[in-house]
1. What's the ranking of 217-224, 343-350 by average number of surrounding C-beta atoms within 10 Å, highest first?
2. Residues with amide H under 5 Å of Thr279's amide H, sequence separation 5 or more or different chain, H placed in the peptide plane at 1.01 Å from N; which?
3. Cα-Cα over 24 Å: which of Lys135/Lys401; Lys224/Lys275; Lys224/Lys399; Lys307/Lys396; Lys184/Lys243; Lys338/Lys396?
4. Please compute the modelled spin-label separation between His182 and Lys227, points set 7 Å along Cα→Cβ, answer in nm with one decimal.
5. Only Cα pairs under 8 Å and at least 6 apart count here; give the relative contact order of segment 303-404 as a rounded whole percent.
6. Taking a probe of 1.4 angstrom, what is the accessible area of Lys402 in Å², to the nearest 10?
7. Show Glu381, Glu172 ordered by accessible area, largest first, where the area counts protein heavy atoms only and the probe is 1.4 Å.
8. Starting from the Cα of Lys327, draw a straight line to each of the lysines and keep only those under 17 Å, dropping any in the same chain fewer than 8 residues away.
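The values are calculated or read from the model by the stated rules, or taken from the named source; none is laboratory data. Being a predicted model, the structure only gives us computed values, none of them experimental. Quick reminder, even Gly has a Cβ in these numbers, built from the backbone with ideal geometry, and neighbours come from all protein chains shown. Heads up: the accessible areas ignore ligands, DNA and RNA and are worked out on the full protein's heavy atoms, side chains in. Shrake-Rupley method; radii C 1.70, N 1.55, O 1.52, S 1.80 Å.
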Amino acid sequence: MEYNTYGLNENEFINNLTPGQINELKEMEVFTNDTTSYAYSRYYSDRIKYNRILSIYDIYSFNCNLNCTYCFENGIESSQSKNYMERLLFYKDFINLYYDDFDVLDFVLFGGEPLLNINYIKQISEYLTDTFFDKVIDFSITTNGTLIDKQVTDYINEYNVSEVRITLDGPEEIHNHRRPMHLKSSFKKTIEGLRTLCSDTSADIVINTIIDEDNKNFYQDLFKYLKNNFYDYFYKISFNVGKVCKPINSKKSFGLINNEFNVSEYYSIMEYILKNGGTITSPFYSCQCLNSTEKSFIISSDISIYKCVSAVGNNKFLLSTFQDFKKDPNLFFKKNIKIIENSHRENCFSCKYLTMCNGGCKYDNYFNSKDICREYLLSQEIHGLINILQQGSILKDGKIKKRY
């Protein structure tokens, strides 16, 4: 059953749901009601903060073969470890700190463009697999997709890389304008890489799209292109849409991308994907903040530890330098706990939208020099969110596809 949710207040919308639908949404902890206690919200928040997954975003280098107009990494110094072994030994010590507190290591190869460093990727993957052989290690890659070749697909198959995330910002002309590549079409190179991944590996593919006012009207064209050209592999492709983070460190003009975007338009895109047979990675407009989770970290190119990908290089989000960690890991522990326990204001726990925003984006708050409460916007978003969940079925990995 589908409803036109926009224009209804929350109570009116919920009154249109069947008891079964309401119970289903409550079990998924999508929304709460007036009888939901402070303790329930606190429990949900703590379950996000403290879990049995250790997530590491590995940024070996910020080097990249593209020059994207909205890259948050512009202006960040790209220092690297002096040698692989220094970084590998750090990971051994760092992961061992949490050895008894995690079952799955979620290791994300990030950048810059990580595939510029394929030898390092092979070495770190082999080292982690051999060192932590009794743990589940889930490797994934975030890449622009222009460097996919046999060496890369062999690596993906050898280490059972679960997911490769590739950014496409629209049809060829739009994508090339936003993600320029010297003397070549970055769109064509990315499509070539995508085709190779689909045919030569079993990895799932996520198509990331940075959406804004300038490219939103071209998203359907991109979706149709991918569905038509990758029809045989469409079952392994899912779609993720989001805004660009504000680049604190960028030396470039932010005017190159129009970051304003209406929430209702986001949910219209989600509905379009589902209705046309696509799978979405998440129904939420706002992602969960890594600052609110105990075991989620970014390791930068100089082996510093951060809590926010977008703010690497900013001391506000720095947990520890490499040298400080070697001197006293306990100081890192203390600062990490302090950050996550202070990630919510007191009024967050009594807010019925806590399950949607988990305290909001700390990066946005820092960028705007004030705490931003999105309660009013979330009250508008919830209609679109519930509508998506009514139309879709949640898969085991948390992704959503059309309910048949």
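1. On the way: 217-224: 16.4, 343-350: 14.6.
Order by mean packing, descending: 217-224, 343-350.
2. HN-HN under 5 Å from Thr279: Phe239.
3. Values: Lys135/Lys401 30 Å; Lys224/Lys275 12 Å; Lys224/Lys399 20 Å; Lys307/Lys396 27 Å; Lys184/Lys243 26 Å; Lys338/Lys396 33 Å.
Those over the limit are Lys135/Lys401; Lys307/Lys396; Lys184/Lys243; Lys338/Lys396.
4. So the label points at Lys227 and His182 sit 3.9 nm apart.
5. Numbers: 63 pairs, mean separation 14.4, N = 102.
Relative contact order, segment 303-404: 14 percent.
6. Result for Lys402: roughly 70 Å² accessible.
7. Details: Glu381 5, Glu172 65 Å².
Listed by decreasing accessible area, they come as Glu172, Glu381.
8. Partners found: Lys92, Lys335.
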